[in-house]
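Q: This is the structure, below, for whatever I ask next.
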Amino acid sequence: FGAACSSTPPTKFYKLNSFPTAQQESPAAHLGEDISIGVGPVEFPEFLNRPQIVTRKSQNQVEIAEFHRWAGSFPGDFSRVLAKNISILLPSDRVAVYPWGEQFSPTYRVKLDVEQFDGRLGERVVLDVTWMVTDQEGTNKLLVRRSLIEEPVPDNNYEALVVAESNALATFSRTIVQEIRKLGAP
């Protein structure tokens, strides 16, 4: 009677990270001291809006990692890190995530529709997002863009996947800031 003890592997938790504050680029004085950015709303496909990390097995098949989970809400983490990156790059402490309170009236609003933000272990992650910048009221579209960002995943593990996703989000943050700087240029 050699019944083997089976045990469930421990669940591991992950979160996206912003880049260090030392990543500030050239000062954005020409944008004005009072520029403010509202990030959101951010729309995600339902298959990504879950606690488990999602990887892509093929073009039509995804895999849900039961024991590799987000430490919080994946869409919330995405928005928080994007806003933090933008505030570091501008630099401005007037960046808020949707929904912001009545006392906050952003100079620019960045609305996002994420089509894909997943990847394959040991291969690459893909961030495919359509986004627009609108005016303070959110009624006038100042620009509409689609960004397709790929980042290598150097190792065949979830830690490397999440680092690559954070790197893709950093690249995307730089793209948004570059476009906002063009809008604010005289």
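Q: What are the ³J(HN,Hα) values, in whole Hz, obtained from phi via the Karplus relation 6.51 cos²θ - 1.76 cosθ + 1.60 with θ = phi - 60°, for each residue of region 55-70 in sequence order, with x given for Gly and Pro?
A: After applying 6.51 cos²θ - 1.76 cosθ + 1.60, I find 10, 9, 8, 7, 4, 10, 10, 10, 10, 9, 8, 4, 9, 10, 10, 6 Hz.
Q: Right, another one. So for region 42-157, taking the charge dipole from beta-carbon charges (+1 Lys/Arg, -1 Asp/Glu), which of VAL62, ILE88, ASN156 sits furthest toward the positive end?
A: ILE88
Q: Points 7 angstrom from Cα along the Cβ direction at GLN116 and TRP100: gap in nanometres?
A: Simple spin-label model gives 3.2 nm for this pair.
Q: Dividing the convex hull volume of the alpha carbon atoms of region 99-170 by its residue count, what do you get in Å³ per residue? Don't skip to the answer; put the middle values down first.
A: Details: hull volume 7.0 nm³, N = 72.
Cα-based convex hull of region 99-170, divided per residue, equals 97 Å³.
Q: Turning to a different aspect of this structure: Need one number: the % of Cα-Cα pairs in region 35-128 sitting beyond the 23 Å mark.
A: On the way: 1448 of 4371 pairs.
Of the Cα pairs, 33 percent sit more than 23 Å apart.
Q: Provide LEU142, LEU89, LEU148 ordered by accessible surface of protein heavy atoms (probe 1.4 Å), highest first. Mind showing how you got there, number by number?
A: Numbers: LEU142 75, LEU89 0, LEU148 100 Å².
Sorted descending by solvent-accessible area, the residues read LEU148, LEU142, LEU89.
Q: Round to the nearest 10 and give me the degree value, 0 to 90, for the angle of helix 158-184's Cα axis relative to the longest principal axis of the chain.
A: The angle comes out at about 10 degrees.
Q: At 222 nm, what value in deg cm²/dmol follows for the chain if DSSP H runs of at least 4 each add -39500 (n - 2.57) and the sum is divided by all its residues, to the nearest 500? Don't jump to the answer; show the numbers that get you there.
A: Details: 2 runs with 43 residues, N = 186.
Per the formula, -8000 deg cm²/dmol.
Q: To continue, here is another question. Ranked by accessible surface with a 1.4 Å probe, highest first, in what order do THR175, THR139, THR134 come? List each step's numbers first, then the result.
A: Values: THR175 40, THR139 100, THR134 0 Å².
Order by accessible area, largest first: THR139, THR175, THR134.
Q: If you don't mind, there's one more thing I want to ask. Given a 1.4 Å probe, how much area per residue of region 49-167 is accessible, in Å²?
A: 50 Å²
Q: Return the distance in nm (one decimal) between the two label points of a simple spin-label model at GLU150 and ILE64, each offset 7 Å from Cα along Cα→Cβ.
A: With each label placed 7 Å out from Cα toward Cβ, I get 2.8 nm.
Q: Percentage of Cα-Cα pair distances in region 37-87 greater than 15 Å, rounded to whole percent? Working shown, then result.
A: Details: 680 of 1275 pairs.
Roughly 53 percent, once rounded to a whole number.
Q: Could you state the angle between the C-alpha long axis of helix 74-89 and the longest principal axis of the C-alpha atoms of the chain, as a value from 0 to 90 degrees rounded to the nearest 10?
A: That works out to roughly 40 degrees.
Q: Of the heavy-atom accessible surface of the chain (probe 1.4 angstrom), what whole percent is carbon and sulfur?
A: Carbon-and-sulfur percentage of accessible area, whole number: 48.
Q: Now a separate question. Largest first, what is the accessible-area ranking of PHE67, PHE19 with a 1.4 Å probe?
A: Numbers: PHE67 70, PHE19 20 Å².
Descending order: PHE67, PHE19.
Q: Which is the longest part of the chain that has none of the GluC sites (Glu not before Pro) sitting in a DSSP loop with at most 14 other Cβ atoms within 10 Å?
A: On the way: sites that count: GLU25, GLU33, GLU102, GLU137.
Between the exposed loop sites, the longest stretch runs 34-101.
Q: Give, rounded to the nearest 20 debye, the magnitude of the charge dipole that the chain has about its Cα centre when Lys and Arg contribute +1 at Cβ and Asp and Glu contribute -1 at Cβ. Could the numbers behind the result be given before it?
A: Values: 19 positive and 23 negative charges, 18 e Å.
Charge dipole of the chain: 80 debye, to the nearest 20.
Q: Considering the alpha-carbon set of the chain alone, what are its Rg and its Dmax in angstrom?
A: When restricted to the Cα atoms of the chain, Rg and Dmax are 18.5, 81 Å.
The values are calculated or read from the model by the stated rules, or taken from the named source; none is laboratory data. Given the structure is predicted, the values throughout are model-derived calculations rather than measurements. Note that we place each Cβ from the backbone using ideal geometry, even for glycine, and neighbour counts take in every protein chain shown. Ligands, DNA and RNA are stripped out before the accessible areas are found, and what is left, the full protein with its side chains, is counted by its heavy atoms. Shrake-Rupley method; radii C 1.70, N 1.55, O 1.52, S 1.80 Å.
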